[in-house]
1. Which of the residues that make up region 1-49 are in contact with a strand residue (DSSP E or B) (Cβ under 6 Å, 6 or more places away or on another chain) and not in a loop (DSSP other than H, G, I, E, B)?
2. Working carefully through the options LEU99, LEU146, LEU116, find the one that is farther than 18 Å from THR43 by Cα, surrounded by fewer than 20 Cβ atoms within 10 Å (Cβ to Cβ) and either aliphatic (A, V, I, L, M) or touching a Ser or Thr at 6+ places or on another chain (Cβ under 8 Å) (or both).
3. Within region 134-143, take every residue that is over 15 Å from the mean Cα position of the chain (by Cα) and crowded, with 16+ Cβ neighbours inside 10 Å and give me the one that is farthest from SER28 (Cα to Cα).
4. Is it the case that VAL132 is at pLDDT 95 or above and not aromatic (Phe, Trp, Tyr)?
5. Go through ASP57, ASP17 for me and flag whichever is of a type outside the set (Lys, Arg) and surrounded by 16 or more Cβ atoms within 10 Å (Cβ to Cβ).
6. Would you be able to tell me the number of residues in region 1-25 that are in contact (Cβ under 8 Å) with a residue 24 or more places away in the chain, hydrophobic (A, V, I, L, M, F, W, C) and closer than 23 Å to GLY171 by Cβ?
7. Being at pLDDT below 95, more than 24 Å from GLU32 (Cα to Cα) and β-branched (Val, Ile, Thr), is that true of even one residue in region 148-157?
8. Please work out if THR69 is more than 18 Å from LYS41 (Cβ to Cβ) and modelled with pLDDT of 95 or more.
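The values are calculated or read from the model by the stated rules, or taken from the named source; none is laboratory data. All of these numbers come straight from a predicted model, not from anything done at the bench. Please note: Cβ atoms are built from the backbone with ideal geometry, for glycine as well, and neighbour counts cover all protein chains shown.
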Amino acid sequence: MDSLFDAQGNRKYLTADERRSFEEAAKSLEREARTFCLMLKHTGCRISEALSLKVKDIDFQTKSVTFETLKQGKDKKGNRKRIFRQVPISEAFLDGLDLVHDLKRRQRNASSAQELIWSFSRVTGWTKIKEVMNTAQIYGVQACPLGLRHGFAIACVENKIPLNVLQKWMGHKYMTTTAIYANVMGQEERNLAALLW
């Protein structure tokens, strides 16, 4: 990815207001679909990474979720590299996940801990995200799972999360991929421009 805008100049990311609207609209979904949508919003994970999460991947001690990064290529033998990353999540979201999916109890059983958190397909997950986008009245190229991912990264930059930390949370192999988010106009840049007005 080399730009946060498409060929017509439309932004591919959700703004802070759109992210808030998305979270509010997600409340209209059944509980399991809601937690799925919020996982993408709160962590910036890819839709396939969320659907790959197992019960054991939610860590109540570190208050984080462990994703297997799915886009880092192959080793010299052609085997897919298995790279994992932890992303912190809020205690409120963690409690919500446990309430809906009974994670703490399920983690005590070795076989239950290996079960997927969400059992629906990628298409169903994508459909749920689109449903929430429509309810939130978010339209355009940004109204998709990738828009949530980009929106998360931009929210991190706007809240002064260091780029090296963001690189880890996003699962980017190269810093140049992460650095693209630093080029989006945020509130700080608007404040500077306001000096001219």
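1. If the condition is that a residue be in contact with a strand residue (DSSP E or B) (Cβ under 6 Å, 6 or more places away or on another chain) and not in a loop (DSSP other than H, G, I, E, B), then PHE5, ARG11, THR43, GLU49 are the ones that fit.
2. That would be LEU99, the only listed residue that is farther than 18 Å from THR43 by Cα, surrounded by fewer than 20 Cβ atoms within 10 Å (Cβ to Cβ) and either aliphatic (A, V, I, L, M) or touching a Ser or Thr at 6+ places or on another chain (Cβ under 8 Å) (or both).
3. Kept after step one, since they are over 15 Å from the mean Cα position of the chain (by Cα), are these residues of region 134-143: 134-141.
Narrowing the set further to residues that are crowded, with 16+ Cβ neighbours inside 10 Å leaves 135-136, 138.
Details: THR135: 8, ALA136: 10, ILE138: 15 Å.
So the residue we want is ILE138.
4. On the way: at pLDDT 95 or above: yes; not aromatic (Phe, Trp, Tyr): yes.
Answer is yes for this residue.
5. Every option except ASP57 fails the conditions.
6. To start, the set of residues in region 1-25 that are in contact (Cβ under 8 Å) with a residue 24 or more places away in the chain comprises 1-4, 6, 10-16, 18-19, 21-22, 24-25.
So of that shortlist, the ones also hydrophobic (A, V, I, L, M, F, W, C) come out as 1, 4, 14, 16, 22, 25.
Add one more test, that the residue is closer than 23 Å to GLY171 by Cβ, and what stays is 1, 4, 14, 16, 22.
Of the residues in that region, 5 qualify.
7. yes
8. Numbers: more than 18 Å from LYS41 (Cβ to Cβ): yes; modelled with pLDDT of 95 or more: no.
No; evaluated as a whole, the condition is false for this residue.
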